[in-house]
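Single-structure report; data block below.
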Amino acid sequence: MQKALTDRFVASVKPAANVVQQDIFDLGYSGLALRVGRRDKVWCYFHRAGGKLHRMRLGRYPEMSLAEARQAWLQARKGLAEGRANVRGGQSEKLELSDGNAGAMTRSRPGDLPEVTSEMIEAGVDALMYRR
């Protein structure tokens, strides 16, 4: 279903009685959808890569408003166009070194594989130890 989404509609929409979840696409924002389920509402960005359809989760409603979802959609589109593979919620995920300590690294999302950066190579960090 496609519809020009509004804050009022997003707040009140519920899935049909016989449907577990449904995607409501925002007109004018190619690929941006609100996935409405029985328990929650999630913002998603649908895009194609390598001939396959992918769904990128941007955030949950009401924590992420319609305006924030549209901004995250724009950032995700730009990131994918620039060739960044791990773009979620509008930001590419990068592994950061904290205070030069190669052992203390943080990831923006648990379970995601880090990008190997030049700082990691210089610090002698073995990225293979971070495999799932």
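Any read-out appearing in this document is the output of simple, stated calculations on the displayed coordinates, not a laboratory observation. Predicted model only: the values in this text are computed from it and were never measured. In this analysis, Cβ positions are derived from the backbone assuming ideal geometry, glycine residues included, and neighbour counts consider all displayed protein chains.
Farthest toward the positive end of the dipole of the stretch 2-84, out of Ala76, Ala49, Ser12, is the Cα of Ala49, where the dipole comes from beta carbon charges about the Cα centre.
Charges at C-beta only: +1 for Lys and Arg, -1 for Asp and Glu. How large is the resulting dipole of the stretch 1-44 about its Cα centre, in Debye rounded to 20?
Computed about the Cα centre, the dipole is about 180 debye.
In whole percent, what relative contact order does the stretch 23-73 give with Cα contacts below 8 Å and a gap of six or more residues?
Reported as a whole number, the value is 26 percent.
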